[in-house]
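The values are calculated or read from the model by the stated rules, or taken from the named source; none is laboratory data. Predicted model, so just to flag it, every value in this text is computed and none were measured. Glycine also receives a Cβ, built like all others from the backbone with ideal geometry; neighbour counts cover every protein chain displayed.
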Amino acid sequence: MIDAIGANGPNIPTSTYEIQVLVFNKEVNYIEKLLKGHSNEWTKNKLSEEDKGRKATKIVLIPLFWNHVVFTLKVVAPLVHVLHLLYGERKAAMSYIYEAMEKAKETIKKSLSNN
């Protein structure tokens, strides 16, 4: 995330969600380049010839797969933050946890309404 801030400078998005999406999109592009660049190595691998390997390749290269990943991250990321507060090394006060839960609900609603 710090890399995204440094890369965008004054053009940085206003919310952490927008920053996460920016970073995620860069990672997706990187993975796509990685898969395309390593396709020769993958085709030489014996796993690529198995049914599971072919199915995995097809799934990862479909844009709809990445749309589902984005949707999952929109829902899970705020919840993981709350869980981190609950089970982290430093225990947060219950009032802070309730506030974080409300904020997580609002973040999820906002991010899903932007679809």
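Summary of computed values
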item: Long-range neighbours under 7 Å by Cβ, at least six apart or interchain, first residue over 20 Å from V21 (Cβ atoms) within segment 61-88, second in a loop (DSSP other than H, G, I, E, B); result: L85/A92
item: Segment 10-25, subset part of a helix (DSSP H, G or I) and of a type outside the set (A, V, I, L, M, F, W, C), residue modelled with the highest pLDDT; result: N25
